[in-house]
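The values are calculated or read from the model by the stated rules, or taken from the named source; none is laboratory data. What you see is a predicted model, and the numbers here were worked out from it, not measured in a lab. Here the Cβ is made from the backbone with ideal geometry for all residues, glycine too, and neighbour counts use every protein chain on show.
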Amino acid sequence: MLKIIRLVLGGSIAFLDLITRGPKLKRSIKAQLLVENELKALSIYQFKLCPFCIKTRRALHKLNLPVKLLDAKNDAESRTTLLKQGGKIKVPCLRISEENGDQWMYESGDIIAYLNKRFRKVEVA
């Protein structure tokens with residue numbers, strides 16, 4: 001029963017998100033290419049109908065950040081990576097690949113704040 005409630009609520013939230021999304025942040029072509037190059041080091045582990053994941057994806061849309069999304073619910077490989085390397089199966093999770101190793105960020109508010117701080121100030125068209 002709880003699974004059905006989650007499915008209905010998650011689906012409703014996802015639908016409302018799709019129909020109420022605002023415009024994407026506009027950058028010059030050069031600036032957007034630079035941002036997209038930096039995004040190669042980022043990926044987000046998520047569940048499609050998780051309200052916190054929807055909140056995070058909404059921020060990605062607004063910031064015009066096409067980050068690689070990994071389905072930690074239905075993709076066994078992504079789920080295993082999240083558990084073994086990130087330490088727990090909790091979503092959303094932002095994986096930041098750096099030269100000295102990966103950083104795993106788990107809270108939607110922290111993820112959104114990080115993305116805003118890192119990408120909001122990039123030259124806007």
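The table for this structure:
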| read-out | value |
| --- | --- |
| Members of region 72-125 found to be modelled with pLDDT under 95 and among the aromatic types (Phe, Trp, Tyr), listed by number | Phe119 |
| Exclusive hit being farther than 30 Å from Lys3 by Cα and either touching a Cys at 6+ places or on another chain (Cβ under 6 Å) or at pLDDT 95 or above (or both), set Leu69, Leu63, Leu34 | Leu63 |
| Those residues of region 86-125 which are within 22 Å of Leu25 (Cα to Cα) and among the small types (Gly, Ala, Ser), in sequence order | Ser108, Gly109, Ala113, Ala125 |
| Subset of region 55-70 (residues that are among the polar types (S, T, N, Q) and either in a strand (DSSP E or B) or touching a strand residue (DSSP E or B) at 6+ places or on another chain (Cβ under 8 Å) (or both)) | Thr56 |
| Criterion: in contact (Cβ under 8 Å) with a residue 60 or more places away in the chain, under 23 Å from Leu9 (Cβ atoms) and of a type outside the set (Gly, Ala, Ser) - qualifying residue of Ile54, Ile89, Ile111 | Ile111 |
| Matching residues in region 73-102 - criterion: being surrounded by 14 or more Cβ atoms within 10 Å (Cβ to Cβ) and either of a type in the set (Val, Ile, Thr) or not in a helix (DSSP H, G or I) (or both) | Lys73, Thr81, Ile89, Lys90, Val91, Pro92, Cys93, Leu94, Arg95, Ile96 |
| Of all residues in region 32-50 being in a helix (DSSP H, G or I) and buried (at least 16 other Cβ atoms within 10 Å of the Cβ), the one that is farthest from the chain's Cα centre (by Cα) | Gln32 |
